[in-house]
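Chemist: This structure is in structure tokens; I'll ask about it shortly.
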Amino acid sequence: MYQAPRGTQDILPEDQPYWEFVRSTAADVCRRYGFERLDIPLFEETSLFVRGVGEGTDIVDKEMYSFEDKGGTELTLRPEFTAGVIRAYIEHGMHTRPQPVKVFSIGPAFRYERPQAGRFRQFHQLNVESIGEQDPLVDAEIISVMWSFLEALGFGGLLLQLNNIGCPACRPAYMQALQDYYRSHVDELCEDCRRRLERNPLRLLDCKATGCQPLIAGAPRSTNHLCADCSQHFARLRAYLDELGRPYELNHRLVRGLDYYTKTVFEVWAEGIGAQNAVCGGGRYDGLTEELGGKPTPGIGVACGLERLVSLLRQQERPVPPPQRPLAYFAYRGDSARLAALRAVEALRSLGAAAEIAFGDRSLKAQMKAANRSGAGWAAILGDDELARGVAVVRSMRDSEQVEVPLGELASWLAARVTQP
Ligand code: HAM
């Protein structure tokens with residue numbers, strides 16, 4: 001028997017109210033902050049991610065779904081949105097629009113990771129980017145749009161983690177300090193960290209191995225090595241967050257798993273949703289547009305993992321809007337009554353209401369059970385007697401009260417019952 005590929009999942013009709021709530025809340029909050037929707041392809045040229053996300057990152061080295069298409073082009077299913085969004089920004093000359101260009105996207109992303117609670121190979125992100133402005137007020141706005149989204153979903157107990165990892169002016173000296181420190185402790189390092197020390201020293205701070213924790217605690221901090229520009233940027237962002245009353249925790253270990261970040265980086269953590277507890281992550285990427293062939297252009301963005309948010313909604317027992325129920329269910333006895341019911345159900349649907357009709361040759365009793373199960377507010381019952389008199393019986397499913405309604409008015413009579421009984 002076939003099964004969904006490892007690390008993927010079906011989102012069944014009964015799961016959809018959660019997803020619909022998350023998606024519609026995302027779109028609503030993004031619009032409140034002036035972000036417009038941008039949809040980009042599910043796959044891009046492989047080199048876009050290699051250059052954008054960076055060689056030496058787990059994503060590029062181990063996790064990309066890459067393939068050659070029949071024309072010989074090397075393509076990769078998007079492991080994230082930012083590189084594709086910047087490609088679109090450059091390709092469509094968006095630097096000529098009013099800056100910053102503020103866009104959001106919602107859709108699947110793909111990473112070949114080891115599946116576990118909260119970690120999938122196909123997952124969904126809400127991705128939000130603000131491109132073309134370096135003002136730290138933009139950083140505050142990105143953090144705010146994300147935080148408002150989480151608040152609108154009704155979550156409590158989330159932690160905003162904040163750091164600043166410097167820019168090309170101050171990062172090299174910090175890297176040197178970090179490497180000098182770690183080189184003097186090389187015997188105490190785990191296998192992975194020995195490799196990181198040469199390839200990607202910032203990631204040393206992200207090591208999960210127990211033996212490396214005391215070293216991380218004593219490691220030089222990026223925020224003590226910032227240039228004047230980064231330092232001022234960080235101070236202003238923090239002042240804006242304080243002004244907004246958005247609590248955050250300074251976390252000098254927060255370095256993120258993608259290479260394009262400069263200055264501000266942040267994540268939001270939640271307890272109890274599995275090994276990976278980050279629900280959102282993002283930061284500034286002032287060098288990325290140039291790296292991908294555009295003019296030097298600052299930018300900042302964030303992505304939230306929707307599977308993790310849905311699982312938090314369930315875990316925190318947050319109420320979500322219930323699925324839509326039909327306004328009416330059409331039951332009938334006899335062939336001509338079936339035809340009349342068919343015409344009436346279509347007429348009601350064309351008036352914009354949701355309506356269901358019975359199928360098969362079931363007894364009226366079985367049809368009424370089905371009406372009940374459907375959650376319909378009303379049952380319209382058509383039989384030969386009623387047909388002969390040109391009426392239908394309409395029963396309120398709440399209190400079983402019945403009225404007769406002329407067939408010609410049945411659809412409009414029901415459609416007028418906007419509030420269900
Ligand atoms: P990221 O931290 O790699 O950042 O991913 C953002 C969020 O996506 C994570 O916090 C997590 O909730 C979710 N996520 C990532 N991988 C998985 C997975 N395998 N299964 C389930 N959920 C996952 C980025 O992707 C950046 N592009 C964010 C960004 C936008 N930075 C600037 N702009």
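The values are calculated or read from the model by the stated rules, or taken from the named source; none is laboratory data. All values reported here derive from a predicted model rather than from experimental measurement. Every residue, glycine among them, receives a Cβ derived from its backbone with ideal geometry; neighbour counts consider all protein chains shown. Quick note on the areas: whole protein, heavy atoms, side chains included, nothing else; ligands and nucleic acids left out. Shrake-Rupley method; radii C 1.70, N 1.55, O 1.52, S 1.80 Å.
Chemist: Can you say whether residue 211 is touching a helix residue (DSSP H, G or I) at 6+ places or on another chain (Cβ under 7 Å), among the small types (Gly, Ala, Ser) and free of Cβ contacts under 8 Å to residues at least 40 places away in the same chain, as far as the supplied structure shows? If you could, list the steps in order and put the result at the bottom.
Modeler: Values: touching a helix residue (DSSP H, G or I) at 6+ places or on another chain (Cβ under 7 Å): yes; among the small types (Gly, Ala, Ser): yes; free of Cβ contacts under 8 Å to residues at least 40 places away in the same chain: yes.
The answer is yes for residue 211.
Chemist: For the stretch 249-260, give me each residue that is in contact with a strand residue (DSSP E or B) (Cβ under 9 Å, 6 or more places away or on another chain) and open to solvent by 60 Å² or more (accessible area, probe 1.4 Å).
Modeler: 249, 250, 253
Chemist: Please go through the stretch 194-208 and pick out each residue that is open to solvent by 80 Å² or more (accessible area, probe 1.4 Å) and without any contact (Cβ under 8 Å) to a residue 12 or more places away in the chain.
Modeler: 194, 195, 198, 208
Chemist: A further question follows. Do you know which of the residues in the stretch 10-32 that are under 19 Å from residue 130 (Cα atoms) and open to solvent by 60 Å² or more (accessible area, probe 1.4 Å) is farthest from the chain's Cα centre (by Cα)?
Modeler: 32
Conditions tested, residue by residue: (1) closer than 11 Å to residue 329 by Cβ; (2) crowded, with 17+ Cβ neighbours inside 10 Å.
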residue: 343; (1), (2): no, no
residue: 353; (1), (2): no, yes
residue: 359; (1), (2): no, no
residue: 375; (1), (2): yes, no
residue: 386; (1), (2): no, yes
residue: 395; (1), (2): yes, yes
residue: 399; (1), (2): no, no
residue: 407; (1), (2): no, yes
residue: 416; (1), (2): no, no
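Chemist: When you scan the stretch 303-326, how many residues do you find that are among the charged types (D, E, K, R) and open to solvent by 70 Å² or more (accessible area, probe 1.4 Å)?
Modeler: Adding up the residues that qualify gives 4.
Chemist: Follow-up. Pick from the stretch 69-121 the residues that are among the polar types (S, T, N, Q) and under 28 Å from residue 24 (Cβ atoms): which of them is farthest from the ligand (Cβ to nearest atom)?
Modeler: Taking the stretch 69-121 and keeping what is among the polar types (S, T, N, Q), we get 73, 76, 82, 96, 99, 105, 116.
Filter again for under 28 Å from residue 24 (Cβ atoms), leaving 82, 105.
Numbers: 82: 4, 105: 10 Å.
Taking the candidates together, the pick is 105.
Chemist: Inside the stretch 90-115, can you point out the residues that are in a strand (DSSP E or B) and either at pLDDT below 95 or polar (S, T, N, Q) (or both)?
Modeler: 105
Chemist: Of all the strands (runs of 3 or more DSSP E) wholly in the stretch 269-335, which have at least 1 residues that are within 9 Å of the ligand (Cβ to nearest atom)?
Modeler: Per the criteria, 278-284, 299-305.
Chemist: For the list (1) assigned to a strand (DSSP E or B); (2) touching an Asp or Glu at 6+ places or on another chain (Cβ under 9 Å), I need the number of the one condition that residue 356 fails.
Modeler: (2)
Chemist: Which ones in the stretch 116-155 are in a loop (DSSP other than H, G, I, E, B) and either aromatic (Phe, Trp, Tyr) or within 18 Å of the chain's Cα centre (by Cα) (or both)?
Modeler: Of the residues in the stretch 116-155, the ones in a loop (DSSP other than H, G, I, E, B) are 117-118, 120-121, 132-135, 153-155.
Passing the criteria: 117, 118, 120, 121, 153, 154, 155.
Chemist: Next up: Would you mind stating whether residue 51 is in the same structural domain as residue 283 (by TED's automatic domain parsing) and within 15 Å of the ligand (Cβ to nearest atom)?
Modeler: When the stated conditions are applied, residue 51 passes them.
Chemist: Of all the residues that make up the stretch 112-137, how many are open to solvent by 40 Å² or more (accessible area, probe 1.4 Å) and in contact with a Leu (Cβ under 9 Å, 6 or more places away or on another chain)?
Modeler: 2
Chemist: Also, I was wondering about something else. Within the stretch 381-394, how many residues are in contact with a Lys or Arg (Cβ under 8 Å, 6 or more places away or on another chain) and part of a strand (DSSP E or B)?
Modeler: 2
Chemist: So which pairs qualify, if the first residue must be in the stretch 260-289 and more than 18 Å from residue 236 (Cα to Cα) and of a type in the set (Gly, Ala, Ser), the second must be near the ligand (Cβ under 8 Å from one of its atoms) and in a loop (DSSP other than H, G, I, E, B), the Cβ gap must be under 6 Å, and the two must be at least 6 apart or on different chains?
Modeler: Hits for this filter: 274/118.
Chemist: For the stretch 1-49, which residues satisfy the criterion of being in contact with a helix residue (DSSP H, G or I) (Cβ under 7 Å, 6 or more places away or on another chain), of a type in the set (Phe, Trp, Tyr) and either without any contact (Cβ under 8 Å) to a residue 12 or more places away in the chain or part of a helix (DSSP H, G or I) (or both)?
Modeler: 18, 19, 49
Chemist: In the list 218, 272, which residue meets the criterion of being over 21 Å from residue 148 (Cβ atoms), open to solvent by 10 Å² or more (accessible area, probe 1.4 Å) and modelled with pLDDT under 90?
Modeler: None of the other options fit; the residue is 272.
Chemist: Within the group 228, 235, which residue is open to solvent by 60 Å² or more (accessible area, probe 1.4 Å), free of Cβ contacts under 8 Å to residues at least 24 places away in the same chain and more than 16 Å from the ligand (Cβ to nearest atom)?
Modeler: Going through 228, 235 in turn, just one is open to solvent by 60 Å² or more (accessible area, probe 1.4 Å), free of Cβ contacts under 8 Å to residues at least 24 places away in the same chain and more than 16 Å from the ligand (Cβ to nearest atom): 228.
Chemist: Can you tell me which residue within the stretch 152-174, out of those that are open to solvent by 50 Å² or more (accessible area, probe 1.4 Å) and within 29 Å of residue 33 (Cβ to Cβ), is modelled with the lowest pLDDT?
Modeler: Among those that are open to solvent by 50 Å² or more (accessible area, probe 1.4 Å) and within 29 Å of residue 33 (Cβ to Cβ), it is 157.
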